[in-house]
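In what follows, a single structure is set out as structure tokens and then discussed.
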Amino acid sequence: NALLYPALRTLARVLPRLGRPAMAEGLDAWADRLKASYLPAFLNPATGWLAGWRCKEGKLHDHAFITINGAAVATGVVDIDAGRDIMARIWKEASRLRLPYQWGMPASLWPIPDEDLSEIQHGFSFGYYANGGLTTAQSRHVVAALYRVGMTAEADDVLRKICGGCADAELFGGAKSGVDNRSWDG
């Protein structure tokens with residue numbers, strides 16, 4: 001939904017210019033509804049950042065999803081003031097945990113229990129693949145969010161370290177090399 005928001009805004013603007021105004025009808029209204037409901041639906045008052053999802057029972061599932069928070073702030077589905085507070089809080093947690101972001105960002109800063117993971121992920125320790133594994137795949141959202149809210153030094157540091165990893169050929173090694181995703185100890 002965070003990525004859908006800017007797409008809706010863009011399509012609402014571009015489709016009429018492409019001679020498809022009927023396809024654009026309602027897209028801005030959809031984006032408005034999405035934005036209006038996003039923060040109330042996902043903000044966890046206990047942490048001050050966005051949970052990953054709310055289940056059908058209404059429970060928030062929050063494992064400190066840094067890339068989800070980054071995407072919501074970067075795309076503007078969360079306003080800048082709320083986004084600044086969210087990113088400051090999630091970055092403080094990342095710093096407290098000593099996130100080694102030179103290898104990218106994890107989906108979550110906290111371990112995800114098996115009941116919140118797909119079955120193929122069950123039984124693996126934190127830091128393995130989607131359960132805290134470091135990857136550059138979604139890092140751009142965190143970096144863009146940090147820039148958007150004025151946390152320039154933090155964003156620059158992430159970029160500098162990730163670019164260093166690219167330059168040193170330690171971030172990508174091809175399919176099944178194990179280099180595309182790392183545990184926190186590298």
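Quick notes on this structure:
- Answer from GLY165, GLY150 - the residue that is touching a helix residue (DSSP H, G or I) at 6+ places or on another chain (Cβ under 8 Å) and either open to solvent by less than 30 Å² (accessible area, probe 1.4 Å) or among the polar types (S, T, N, Q) (or both): GLY165
- Condition check for PRO6: outside any loop (DSSP other than H, G, I, E, B) and either open to solvent by 30 Å² or more (accessible area, probe 1.4 Å) or free of Cβ contacts under 8 Å to residues at least 60 places away in the same chain (or both): yes
- Restricting attention to the range 58-82, the residues that are closer than 15 Å to LEU4 by Cα and of a type in the set (A, V, I, L, M) total 7.
- Selection from the range 44-82 of residues that are without any contact (Cβ under 8 Å) to a residue 40 or more places away in the chain and open to solvent by less than 10 Å² (accessible area, probe 1.4 Å): LEU50, ALA51
- Exclusive hit being at pLDDT 85 or above, of a type in the set (A, V, I, L, M, F, W, C), surrounded by 17 or more Cβ atoms within 10 Å (Cβ to Cβ) and closer than 24 Å to LEU3 by Cβ, set ALA145, ALA137: ALA145
- Extreme residue, most open to solvent (accessible area, probe 1.4 Å), among residues of the range 98-112 that are farther than 18 Å from LEU50 by Cα and not in a helix (DSSP H, G or I): ARG98
- Selection count where residues are assigned to a loop (DSSP other than H, G, I, E, B) and hydroxyl-bearing (Ser, Thr, Tyr), scope the range 46-82: 1
- Residues satisfying the stated conditions in the range 83-97, i.e. open to solvent by less than 40 Å² (accessible area, probe 1.4 Å) and either assigned to a loop (DSSP other than H, G, I, E, B) or β-branched (Val, Ile, Thr) (or both): ILE86, ILE90
- Pairs, first over 10 Å from ARG182 (Cβ atoms) and in a strand (DSSP E or B) in the range 116-144, second open to solvent by less than 70 Å² (accessible area, probe 1.4 Å) and at pLDDT 90 or above, C-beta under 8 Å, six or more apart: ASN131/ALA107; ASN131/SER108; ASN131/ILE112; ASN131/LEU117
The values are calculated or read from the model by the stated rules, or taken from the named source; none is laboratory data. Fair warning: this is a prediction, and the values are worked out from it, not measured in the lab. Cβ sites come from the backbone with ideal geometry, for glycine too, and all protein chains shown count toward neighbours. Side chains are part of the model used for accessible areas, which takes the heavy atoms of the whole protein and leaves out ligands, DNA and RNA. Shrake-Rupley method; radii C 1.70, N 1.55, O 1.52, S 1.80 Å.
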